[in-house]
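Right, one structure below, let's go through it.
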């Protein structure tokens, strides 16, 4: 193993360890105030931890996490089995793994707010699952269980809490599975025969108890009885922080913006309930029978007294006065025998000393990205904002092992330096570790045991400042970041990334070919470094060809872009294959594109997916041309309709009037538009008038919660939570002679093959007799769901409501979904 890889391994261990005991610093360096320092001093005298377990981002009880972390002052973790890739996105177009990255970062922002720490397993959120048996057909149970055991053994919780019950039914299959596996992991973590390969890094661990965080929500069909359950008032007010835990919880939960989970604080009394599952039963207190003081370790009694004295003697106006006592406490802890809490408390002391000194340290790069083999200029900054005696001894750049000797006092004068480093040519790019290797529908592939559980990649470059404080040496490691000053927003940080030297990308995920004619497809080439030159080609399926076969590119500036056009000639017959763009520089081929995910509430993220697209040659007849589209959140259907030749006009609220709508052959309403666009309650009569006068209106699925109007169609129907989650479930034609199944495309059973993630969701389960139900489907063991496609004639026109998931199928290039959706749009055109 090279020195670089060895250093990277050591850094992974270091960063994973420190993420357990200090807030993650993804952007600006953390600058604790006096209240936060006092909370940290109080926490020094608490030895304990709690692990909350559920299935997805936003499943966690942020009020209970805030209470545990800030009232009980125990190390508090949230283990989310998945990253939420299978959900939907209310703030942008990202879905699947890109949505998973957003929701990962939202979880990290939530934990920075409520004081918890974040963990994951390798389980992939493949979409809604109705029961745990179905979930475990796609999740590798042993892998997920191993990851949970790994987290327990590393984090060493005294108590575990599940969000969901182990009893099947009534909730998402992932939810039930998370509780069932948590119960198994509770036992397996203490068994040295289970996952013994982990024991070269960690030791076995047995939590005291595991409980279910229940509530009246789970008792919809019967009265909730709190008898025999532990009760915790999570609305307690914390005078040091100036907020109740329910206030902290609301801010934390509001970080889940992609799911529309903005929350207001509850200022009244809130009680959480915990029901015993396994282990020692607690009668009155969650930590009953667990000594959370220093008395739980040999020789700890004196240490506890020293820690308590730090709290009582803390000076809010002069935190630096606590440094001598903190250093004495550090020495006392170092003399204790090894125990599970020693390293954690020493790490906490190190951060508290830094906070009391007001020590600001930072390492920034002059650009937010660099490529392997490139030179990077790193600026280091340090300042001591107290009267304490501080000196900067050395600066180390990791994992490059470049060392700078400083040996100078740190005062209130700013220390700065610039250092140029060379990235090795084999330096790994900053691809999220769970996306580096192909996985399965239900699991990410991660081979490195030490990466499993981490919420995100360790920073590619870090700088360690070796600092003497009152003659005691501390090593403070910070990530290299990029920052700039925006004239409106002020100082903006983003993570530093290592990228390929060149990117290639295709503008669409799917290219639909509806005839023998060629299509022009553009490849965007972007320079990851200066003086980037080479050739680019577009690889096509057998029997297809491109003109030209390849093309040259040359860019002098970093981030410069060129567009290269290829005419793609499809082969004979129907085809469903892959296009791949690739650039060659100095004999080496690169086929990664660059995706940047940028929202104000999370740090900017980059990933490098393969530069591929689906090429589908399809037998498709199309009637009509002009489509008006009322977009829903994260809606990619308009792009898909343009792929097959429609002219799609996005409609703003002010354009929803009878005169404007008259020009369209059909109007399509995007997914969840009636959940998110309040104006539609006023526009609905106009849309119905459009149908009455001869138009065709296609409304895609909405949830049955928070509709802006109940009158979605010309006649009443009622939305339910009925869904068909098995994407290959049989679809039966209830009205085989209906025009929607015959014109302009004859729909057959073959058109329902190759669907992705699910058939549909939130089907109507009651509807007026004027509607015709066209299709029927159901998951195994369930009754037929006939409400997924309702069609009615209204006046001179046609109205369609569909819960079938065209919003997933069209962007994925499913041929049959295109044919059926074209028929919906073509209603009334024969």
>> Report the Cα centroid-to-centroid distance between the range 671-710 and the range 451-493 in angstrom, as an integer.
In response: 49 Å
> Hey, fewest Cβ within 10 Å first, where do 505, 129, 405 land in order?
Replying inline: 405, 505, 129
> Between the range 29-88 and the range 352-371, how many Å separate their Cα centres?
Replying inline: 24 Å
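Provide the packing ranking of 375-384, 296-305, i.e. peptides ordered by the mean count of other C-beta atoms within 10 Å per residue, highest first. Before the final figure, lay out the partial values.
Working: 375-384: 18.2, 296-305: 16.0.
Going from most to least packed, we get 375-384, 296-305.
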> In what sequence do 41, 230 fall when counting other Cβ within 10 Å, fewest first?
Replying inline: 230, 41
>> Between residue 769 and residue 335, how high is the FRET efficiency from 1/(1 + (r/R0)^6) when r is the Cβ-Cβ distance and R₀ = 60 Å? Nearest 0.05.
In response: 0.10
>> Pairs of alpha-carbon atoms within less than 8 angstrom and 6+ residues apart define the contacts here; what relative contact order does the chain have, in percent?
In response: 10 percent
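Can you tell me the FRET efficiency between residue 520 and residue 584 if r is taken as the Cβ-Cβ distance and R0 is 30 Å, rounded to the nearest 0.05? Write down the numbers at each step before the final one.
Numbers: r = 22 Å, r/R0 = 0.74.
The calculated FRET efficiency here is 0.85.
Stretch residue 237-residue 296 to full length: gain in nm at 0.36 nm per residue minus the Cα-Cα span?
The residue 237-residue 296 span can extend by a further 18.4 nm.
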> Normalised by the number of residues in the range 82-156, what is the relative contact order in percent for Cα pairs under 8 Å and 6+ residues apart?
Replying inline: 31 percent
>> Could you give the length gained by full extension between residue 422 and residue 401, i.e. 0.36 nm per residue of separation minus their alpha carbon distance, to one decimal place?
In response: 6.4 nm
> How far is it, in nm, from the label point at residue 509 to the one at residue 472 when both lie 7 Å from their Cα along the line to the Cβ?
Replying inline: 5.3 nm
> Is the range 229-319 best put as rounded, prolate or oblate by its Cα gyration tensor, with a ≥ b ≥ c the root eigenvalues, rounded for a/c under 1.5, and otherwise prolate when a/b is larger than b/c, oblate when not?
Replying inline: oblate
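For the pair residue 441 and residue 328, what calculated FRET efficiency results from E = 1/(1 + (r/R0)^6), where r is the Cβ-Cβ distance and R0 = 56 Å, to the nearest 0.05? Write out the running numbers ahead of the final one.
On the way: r = 56 Å, r/R0 = 1.00.
The value I calculate is 0.50.
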> Which order do peptides 312-318, 260-266 fall in by mean Cβ count within 10 Å, highest first?
Replying inline: 260-266, 312-318
> At what distance in nm do the modelled label points of residue 225 and residue 203 sit from each other, each positioned 7 Å from its Cα along Cα→Cβ?
Replying inline: 4.3 nm
>> Taking the Cα centroid of the range 175-233 and of the range 761-827, what is the distance between the two, rounded to the nearest whole Å?
In response: 41 Å
> When only Cα pairs under 8 Å and 6 or more residues apart are kept, what is the percent relative contact order across the range 358-495?
Replying inline: 29 percent
>> With Rg/Rh (Cα atoms, Kirkwood Rh) as the read-out, I listed [x] 1.12; [y] 1.08; [z] 1.00; which label goes with the value calculated from this structure?
In response: [z]
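Give me the extension gain from residue 187 to residue 542: residue separation times 0.36 nm, minus the current Cα-Cα distance, reported in nm with one decimal. If you can, show how the numbers build up before the last one.
Values: separation 355, 0.36 × 355 = 127.80 nm, distance 5.36 nm.
So the chain would gain 122.4 nm between residue 187 and residue 542.
At a 10 Å Cβ-Cβ cut-off, how would you order 526, 517, fewest neighbours first?
On the way: 526 21, 517 9.
By the 10 Å Cβ count, ascending: 517, 526.
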>> Taking every DSSP beta bridge with both residues inside the chain, roughly what % is antiparallel (nearest 5)?
In response: 75 percent
> Does the range 502-617 classify as rounded, prolate or oblate by the C-alpha gyration tensor (a ≥ b ≥ c root eigenvalues; a/c under 1.5 gives rounded; else a/b over b/c gives prolate, otherwise oblate)?
Replying inline: oblate
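According to the square roots a ≥ b ≥ c of the eigenvalues of the Cα gyration tensor, what is the shape class of the range 47-285, taking rounded for a/c under 1.5, prolate for a/b larger than b/c otherwise, and oblate for the remainder? Present the calculation step by step, with values, prior to reporting the outcome.
Values: a/c = 1.33, a/b = 1.09, b/c = 1.22.
Rounded is the answer for the range 47-285, as its axis ratio a/c remains below 1.5.
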>> I need the peptides 754-762, 277-285 ranked by packing, meaning the mean over residues of other C-beta atoms within 10 angstrom, with the highest value on top.
In response: 754-762, 277-285
>> Suppose only helical runs count, i.e. DSSP H with n ≥ 4. What mean residue ellipticity at 222 nm does that imply for the chain under -39500 (n - 2.57) per run, divided by all residues and rounded to the nearest 500 deg cm²/dmol?
In response: -6500 deg cm²/dmol
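Coordinate-derived values only; no laboratory data. Note that the structure is a prediction, hence the values are computed from the model and not measured. Note: ideal-geometry Cβ built from the backbone for every residue, glycine included; neighbour counts use all protein chains shown.
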